[in-house]
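All remarks here apply to the structure that follows.
The values are calculated or read from the model by the stated rules, or taken from the named source; none is laboratory data. All figures in this text were calculated on a predicted structure; none of them were measured in a lab. No Cβ is skipped: glycine too gets one built from the backbone with ideal geometry, and neighbour counts run over all protein chains shown. Quick note on the areas: whole protein, heavy atoms, side chains included, nothing else; ligands and nucleic acids left out. Shrake-Rupley method; radii C 1.70, N 1.55, O 1.52, S 1.80 Å.
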Amino acid sequence: NKPFFEVPIMPNALELAISSNNVSEVERLFTRGEEDGASLIPESTVTMVEGMEAPASILVFCLNNNLEDIALELLSMPVIMANVANNALIAAVRNGNLEVVKELLKNSKIKAHAADGNNSALIFAAERGHAGVVKELLRIYTVAIDSHQALIMAIRNNHLEVVKQLLRSQEVKAKAADNNNEVLITAVEYSRIEIALELLSMPVIMANVANN
């Protein structure tokens, strides 16, 4: 269970600023207070809720609506960054928000969760063809992960650059050479000719083909 932000009712001023992608206004709404004696956004608006990963949160709302500049502005605020949860990373990965992914991975809790054998983010990135995000995620893995499914999803969806990025990992390459030629068979079955040729250019794959 991770703390997250739930926003039951978004104040009109904030809703308008976010929907119009007005970064400076979002910043003003969150930081104003010293000169007026009170912030325009009451503390109760952004409520930390234990055990919830609220899809209606401000941050995830921005990510799901391609408001990357707003999301980055929110992540620059310590109160937001300290309480982000793992579904924010998934939302950023799904939408290919590379800069947001980089910022989120600066959060030790999210980085630890993503690196601890939890490869759902990697699979989403591979499935959707976000090669830059795949590269960033591969940097953080410190334990063995099931990367084979990510490779299969990239092949099925014909994401050649993602396949190349994944195969730069020695672990992914080793698993690709095992599993009874599944990666090559998948490429052929889905008529991914360029990917099949890329796989056949790898000695470990060719050796496995010859042995079977």
Exercise for review: With a cut-off of at least 2 residues that are among the small types (Gly, Ala, Ser), name the helices (runs of 4 or more DSSP H) lying wholly within the stretch 101-210.
Suggested key: 108-115, 120-128, 131-140, 148-156, 170-177
Check your understanding: Out of the residues in the stretch 120-171 that are touching a Lys or Arg at 6+ places or on another chain (Cβ under 7 Å) and of a type outside the set (S, T, N, Q), which is surrounded by the most Cβ atoms within 10 Å (Cβ to Cβ)?
Key -> 155
Review point. Given the conditions (1) open to solvent by 20 Å² or more (accessible area, probe 1.4 Å); (2) hydrophobic (A, V, I, L, M, F, W, C); (3) farther than 30 Å from residue 25 by Cβ, which single one is not true for residue 98?
Key: (3)
